[in-house]
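Take a look at the structure set out below.
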Amino acid sequence: MTTTADSSTLAATLNSIIAEHQGLEGPLLPILHATQKALGYIPSEAVPVIAQQLQLTKAEVHGVISFYHFFRSHPAGNNTIQICRAESCQSMGSRELEANIKQRLKTDYHQTTADGEITLEPVYCLGNCACSPAIRVNDDIHGRVTMDKFEHILDELLTVAVELK
């Protein structure tokens, strides 16, 4: 958030979120989840505001954000792809799939493709062990993923309908 309008919008959003959750026991996690839901990530400018309102140190708030892999400190791409790294998926070839996906997207974990379309994230378990290896694309879980299946998913994800008049 670099402009005054952005700063005032951020402040208003945070104040609303904090006011809504501050009365809860242990409000930090709900506030962080709500902030990320509203903004798409948790900007560094939010940390001191949240810390002050909850009477925590900035280090305590930052520590929670950095501990939980779900929280982002930078905007994500238009789509998020998570690759399961749990034992079941690994035993069914997720490491090779992971390497191929990284190569195909020309990106690594916690990064976004150059066109801003896809953010790649690791996840420990998607709860789809019977259909390993698994990935989540935005909110959809896909099982028994091969590179061919991934290419099909990627094509569908990036295909834009064009209306001809």
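The values are calculated or read from the model by the stated rules, or taken from the named source; none is laboratory data. The structure displayed is predicted, hence computed values, not measured ones. Glycine gets a Cβ as well: all are built from the backbone with ideal geometry, and neighbour counts include every protein chain shown.
Numbers for the structure displayed
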| item | result |
| --- | --- |
| The listed residue being within 23 Å of residue 89 (Cα to Cα) and of a type outside the set (Gly, Ala, Ser), out of 163, 121 | 121 |
| Scope region 89-108; condition within 18 Å of the chain's Cα centre (by Cα) and either crowded, with 17+ Cβ neighbours inside 10 Å or in contact (Cβ under 8 Å) with a residue 24 or more places away in the chain (or both); matching residues | 98, 101, 105, 107 |
| Residue check, residue 31 touching a Gly at 6+ places or on another chain (Cβ under 8 Å), surrounded by 15 or more Cβ atoms within 10 Å (Cβ to Cβ) and among the β-branched types (Val, Ile, Thr) | no |
| Options 86, 114; residue that is farther than 16 Å from residue 140 by Cα, assigned by TED's automatic domain parsing to the domain that holds residue 144 and either buried (at least 16 other Cβ atoms within 10 Å of the Cβ) or in contact with a Gly (Cβ under 6 Å, 6 or more places away or on another chain) (or both) | 86 |
| Some residue of region 119-129 being of a type in the set (S, T, N, Q), at pLDDT 95 or above and farther than 19 Å from residue 78 by Cα | yes |
